[in-house]
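Below: one structure, written as structure tokens.
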2 protein chains.
Amino acid sequence: MITCFVNKSKGFLSEGMSKKIIFKPYDLTIEVPEGENLLHAAMTAGIHINASCGGAGVCGKCRILLEEGSLECQPATVLTQEEWDLGYRQACQCTVTTDVVVRIPPESLLDKKTITRRRTGVSLRPAPIDVAALKEEGLYDPAFQKKYLELPPASLSDNICDLSRLETGLHRQHRLDNLTLDFLLVRKLAKVMRQEDFRVTATLDFAQRRSRNPRLVNIEPGDTTHKHFALAVDIGTTTVWAQLLDLAKGEIIGQAADYNGQMSYGDDVISRIIYSQKEGGLKTLQKAVVTTLNNVIRRLLKQHKLPVEEVSHLTLAGNTTMTHLFYGIDPKYIRLAPYTPTACHIPPVRARHLGLDLPEHVFIYAVSSVSSYVGGDIVAGVLASGIYKDPKLTLYIDIGTNGEIVIGNQEWLACAACSAGPAFEGGGIRFGMRASRGAVEEASINPDTAEPMFMTIGMAKPKGICGSGLINLLAALMETGIVLPNGKFRDDLDSPRIRRGPDGLEYVLAWGSETESGEDLTISEVDIENLMRAKGAMFAGYLTLLDSVGLKLQDIEQVILAGAFGNFINIENAIAIGLMPDLPRERFQFVGNGSLTGATLLAFSRELLEEERRVADMMTNFELSETPGFMDKYIAALFLPHTQEEYFPTVTERLRALRG
Amino acid sequence: MITCFVNKSKGFLSEGMSKKIIFKPYDLTIEVPEGENLLHAAMTAGIHINASCGGAGVCGKCRILLEEGSLECQPATVLTQEEWDLGYRQACQCTVTTDVVVRIPPESLLDKKTITRRRTGVSLRPAPIDVAALKEEGLYDPAFQKKYLELPPASLSDNICDLSRLETGLHRQHRLDNLTLDFLLVRKLAKVMRQEDFRVTATLDFAQRRSRNPRLVNIEPGDTTHKHFALAVDIGTTTVWAQLLDLAKGEIIGQAADYNGQMSYGDDVISRIIYSQKEGGLKTLQKAVVTTLNNVIRRLLKQHKLPVEEVSHLTLAGNTTMTHLFYGIDPKYIRLAPYTPTACHIPPVRARHLGLDLPEHVFIYAVSSVSSYVGGDIVAGVLASGIYKDPKLTLYIDIGTNGEIVIGNQEWLACAACSAGPAFEGGGIRFGMRASRGAVEEASINPDTAEPMFMTIGMAKPKGICGSGLINLLAALMETGIVLPNGKFRDDLDSPRIRRGPDGLEYVLAWGSETESGEDLTISEVDIENLMRAKGAMFAGYLTLLDSVGLKLQDIEQVILAGAFGNFINIENAIAIGLMPDLPRERFQFVGNGSLTGATLLAFSRELLEEERRVADMMTNFELSETPGFMDKYIAALFLPHTQEEYFPTVTERLRALRG
């Protein structure tokens, strides 16, 4: 049974040839995939080496001694030739290509507890769509298909209209009947049919909702069956993503993204709704996101040298507000009690009609929403992860600008939105940022010296901290005891890194001399409070949904994570801070951008395109604020990891071990 | 069994209270409907009174003496008070309201043969749509229907999206499911639903081709089920007609027409097609007809004080070229062998998309065409006349800019276009004109003096001669022997009315002093040749189609006439010149504008809207020019009435009696 359309087995860091690293003087051996960064490998092994420039190679603190084997290294700028010749390397600048023995040099050992004894646990990376597996299972069956036709040329004894000639050809050569027609197509029919002497390729859409009649989408001269492309789009509150799909080959050709142009009018859905109520506001917002999408699509097509005419359709997912705004539907009542969206399912709409620079035959198919705050992005993720046809009880968690959760299996699905706020996308956090170049992604802290070791995305000078970085940093601060279970800093620590800042006590992750901006990079008590509120809302959400169906956390057989977590999520740390439930780690999977993955799968699988509304209708929405018990659960969760230790047995045990 | 949706019994001049007129000195008694014009009554009785101003009251020649009873008369301008007191009246200015005795005065008797002995025969007037009968038969069942809904207002325990609320309401209150949605409707849904506290009226379209799902057309606040209107349109090559329909009551409220704005770019379909091939030509023609239709609709709505928002849809019929041009589809191949239209059936199209000033929810439903020269106008007529479900063998004839014929019954239908040219619409005839004010419509000629008696539409000063006038005039010229069977004038007649003009011999119907323009109104040998070609092509068409199925003229059980014949067609005269077959007169019916009637019936009857494509597909098209034997039949028909007398037994007999 296929329960998930994304390749779960590839979600773990296990692929590629593995290489052995022996860390001296501990004789600690770990295996890493070939090409792994050595600093990252040390972090994975739980070995702390001070590193405070994110891997940019400028702080020079992460030096190690290469004793055996060889490493691919960037030329070092902070090492002398003499040091290089002695075997010193900057761990952050080295890639593992052979088995190696490296030694943590004595100067680093002066920092006690180089081995942190933290279990860094399983890092999940987003699972790619496994098209080969889809094809094997017969699930690669796009709703849009091209059919080549050789029609008899018109003559006086056979002068039926061009359209009837085409219909007759589709009947005789492909057994297709009862076409639904697009009028605009008729306008070009006569010309196209005569261009290659009545040899044409028809594009057909076999997924017209609730109707068994194929829709004639496009007609081209000659045989173009080998050129068939589609676009899949995720309209995020912050970012618009698009993937370019080759339907003839069944491949994702490429993807591109840009910030949603609506960002100028507010960071979150509520501020966008407020803006939409101003004179002309809705139009402005609609145009802004369409402009963004036009740019992203143009770039993507240009990059792959594809003429836009070869795109047959566009599938799209987004949260309920983003979907309303994209289609120019007033989102007013999403924000006002009782929080009713205007439409959770939108019929196919001609892309041109919305202002998209796409050929007139292109229609947009949007994934249905469930409620005002559980949108098409979540339904797309549920589709992509296959929960709706999985017998296993599954918890689906999407942490983006908001936090949405789905619990259920093939029999039933319950869902809710947690007003988590955008903390894990960096919102409401002073140095919070999206997962992009320069964002701190992995972090550990030396419990004795409070000195950090961190890596940034792109190993650039640090600019800020992304969602996965915040989780890892908070977990490190908590496990080292620098931050107490109530989210406050210990004020008795003798480290220059802990100081009083504008928002109360704060921890300095990088000094101005090491950062991109020249400003100290910090995390404050206020930031931590926001993170705790966000994770508390999520956790209270899981418990509330489970309560409503009489189930317990332990009953969950798999957890699927989606959202803007950068490239990886450290599941151990997410559990440590109480964001994820403390369940056996092998139950967790990370699908990355579930919304985009779902949109792509809709284009790849007719079954999914046809099922999407049924799945949305299957999802029972809970308004958490209206659900008894939610507030108590929320208050109880405003603690690291939680006021009730029994929910987090492995975390509790480890903390005891660390401190005991 | 209903075989015809138009009220055939009302086609004959038989309705209303009848009044008796006794014409002295002949003691000839006739019955006429109350309100009949006295000059017209004389003409019907076969009594010739010279009258050469068309009934405008200015020539003063049609004077009679009122001996008993009373007449409603316009004040006479050409009679003295003394004459008036003596009982003189101008026949053309009198309306029959009581039984009367009138005397043809001695001075009129000086003209011999006041009684022409011509059998003036049956005048057919267009049969109106009999909505009451449609309703009785259960055929009044518009595809577009309004449904009132009282929905439960949204609450926190029931906050499904507005669209789902509407769908649930339609399911619960009207048992309607699986709606097809129009996206633009979604945009206004939230506002409309809250305007009258979730009480709304939904307009639904139950005739989506090939799909059993109703389409949600519109949604309005409150109960608007009593306000439901539609438009039916006939796009003629010359004239655009529109009828305004009240679907709540099942009534035709009014109609309006205007010349097709494309007239500036050519008189007939061929010249329009040629123009469409010029740079920007297609766009210009499309815009021209849309502008005309916009004006006609605006006038119609204004006249009946109806807001355009209350129109739910538009049904439309037109010939194949007109339909292509209206939709902006290139008609190029209609004109080039092998004469293939691009599309004979066009899916519903949003009216706004074509440039019509109609609300965005209005879609256009066009009647399907059969071939390049048998268009939706003919299919509409076939639908309106019910031939397609009639067991009787029927000949359907539409004489407009072109002549199209259909022969068949419920089992089969054969059709063809005759390149008749627009003679019977006045085209190619020097003083030919459309049936409008000032057009000579009825005519008789005194065989001894060659003096005419004629009436114009609106009884205005004559401007020209319309189709039915040409038929009547040619029949009179032929029966009086002024025109010979070969279509040439006798050159031995001693009358100033027969003279040599710029186009050879000609007959002066009215002198310049009596006409609107001041110019003599004539009909020439060239005009007559054109009329003979037109009628010859039609007659050869009937024979060719009948031949192809092994049938004879005598097998035809009913003849249905449609076309631009003014208000009446004199069937006797149409047979006399050989335009119509010489069959028992009671087999003839006149449906007037069959295209417009068909378009209206589509709006009134879901069955017809659903059946129209099937009926079009049922019609087998014959290209006459490609059909063996057609040319011979055509040549044989270039005679009055025909070279083979056996085709016209009653005409031959009467002519013998007249001359013998």
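The values are calculated or read from the model by the stated rules, or taken from the named source; none is laboratory data. Small disclaimer: the values here were computed from a predicted structure and weren't measured. Here the Cβ positions follow ideal geometry from the backbone for every residue, glycine too, while neighbour counts run over all protein chains shown. Just so you know, the surface numbers come from the protein's heavy atoms only, side chains and all, with ligands and any DNA or RNA stripped out. Shrake-Rupley method; radii C 1.70, N 1.55, O 1.52, S 1.80 Å.
A few notes on this one:
- Summed over the stretch A:489-510, the residues that are in contact (Cβ under 8 Å) with a residue 40 or more places away in the chain and in a loop (DSSP other than H, G, I, E, B) give a count of 4.
- Verdict on residue A:377 being within 17 Å of the chain's Cα centre (by Cα) and open to solvent by 10 Å² or more (accessible area, probe 1.4 Å): yes
- Counting only strands (runs of 3 or more DSSP E) that sit wholly inside the stretch A:544-660, not one has at least 3 residues that are open to solvent by 50 Å² or more (accessible area, probe 1.4 Å).
Matching residues to (1) on the phi < 0 side of the Ramachandran plot; (2) within 37 Å of the chain's Cα centre (by Cα); (3) at pLDDT 85 or above:
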residue: A:50; (1), (2), (3): yes, yes, no
residue: A:54; (1), (2), (3): no, yes, no
residue: A:65; (1), (2), (3): yes, no, yes
residue: A:68; (1), (2), (3): yes, no, yes
residue: A:72; (1), (2), (3): yes, yes, yes
residue: A:78; (1), (2), (3): yes, yes, no
residue: A:81; (1), (2), (3): yes, no, yes
residue: A:84; (1), (2), (3): yes, no, yes
residue: A:92; (1), (2), (3): yes, yes, yes
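- Yes/no for residue B:513 being touching a residue at least 12 places away in the same chain (Cβ under 8 Å) and either open to solvent by 10 Å² or more (accessible area, probe 1.4 Å) or not hydrophobic (A, V, I, L, M, F, W, C) (or both): no
- Boolean, residue A:435 is among the aliphatic types (A, V, I, L, M) and surrounded by fewer than 24 Cβ atoms within 10 Å (Cβ to Cβ): yes
- Scanning the stretch A:190-219 for residues that are within 14 Å of chain B (Cβ to nearest Cβ), farther than 15 Å from residue A:359 by Cα, touching a strand residue (DSSP E or B) at 6+ places or on another chain (Cβ under 8 Å) and of a type in the set (A, V, I, L, M) gives A:192, A:193, A:200.
- Among the candidates B:96, B:122, the residue that is under 16 Å from residue B:21 (Cα atoms) and either at pLDDT 75 or above or surrounded by 12 or more Cβ atoms within 10 Å (Cβ to Cβ) (or both) is uniquely B:96.
- The residues listed here are B:158, B:162, B:182, B:141; of these, the one that is under 16 Å from residue B:214 (Cβ atoms) and within 12 Å of another protein chain (Cβ to nearest Cβ) is B:182.
- Yes/no for residue B:518 being over 25 Å from the mean Cα position of the chain (by Cα), free of Cβ contacts under 8 Å to residues at least 12 places away in the same chain and not assigned by TED's automatic domain parsing to the domain that holds residue B:644: yes
- Hey, residue A:368 in contact with a Cys (Cβ under 7 Å, 6 or more places away or on another chain), closer than 22 Å to residue A:142 by Cα and within 14 Å of another protein chain (Cβ to nearest Cβ) or not: yes
- The residues of the stretch B:125-140 that are surrounded by fewer than 16 Cβ atoms within 10 Å (Cβ to Cβ) and touching a helix residue (DSSP H, G or I) at 6+ places or on another chain (Cβ under 7 Å) amount to a single one, B:128.
- Selection count, the stretch A:320-334, where residues are farther than 16 Å from residue B:188 by Cβ and more than 25 Å from the chain's Cα centre (by Cα): 0
- Scanning the stretch A:165-179 for residues that are on the phi > 0 side of the Ramachandran plot and either open to solvent by less than 60 Å² (accessible area, probe 1.4 Å) or within 13 Å of chain B (Cβ to nearest Cβ) (or both) returns a single hit, A:178.
- Residue check, residue A:216 outside the structural domain of residue A:161 (by TED's automatic domain parsing), part of a strand (DSSP E or B) and crowded, with 20+ Cβ neighbours inside 10 Å: no
- Some residue of the stretch B:220-227 being open to solvent by less than 20 Å² (accessible area, probe 1.4 Å), away from chain A (no Cβ under 12 Å) and closer than 28 Å to residue B:598 by Cα: yes
- Residues within the stretch A:16-41 that are not in a strand (DSSP E or B) and not small (Gly, Ala, Ser), tallied: 9
- When residues in the stretch A:144-155 are screened for being open to solvent by 20 Å² or more (accessible area, probe 1.4 Å) and either within 7 Å of chain B (Cβ to nearest Cβ) or touching a strand residue (DSSP E or B) at 6+ places or on another chain (Cβ under 9 Å) (or both), 8 of them pass.
- For the stretch B:403-420, filtered to residues that are touching an Asp or Glu at 6+ places or on another chain (Cβ under 8 Å) and not in a strand (DSSP E or B), the residue that is nearest to residue B:523 (Cα to Cα) is B:409.
- Residue list for the stretch B:371-381, filter: away from every other protein chain (no Cβ under 12 Å), in contact with a strand residue (DSSP E or B) (Cβ under 6 Å, 6 or more places away or on another chain) and hydrophobic (A, V, I, L, M, F, W, C): B:378, B:380
- Hits in the stretch B:327-362 - residues which are open to solvent by 10 Å² or more (accessible area, probe 1.4 Å) and either in contact with a Phe, Trp or Tyr (Cβ under 6 Å, 6 or more places away or on another chain) or assigned by TED's automatic domain parsing to the domain that holds residue B:624 (or both): B:347, B:348, B:350
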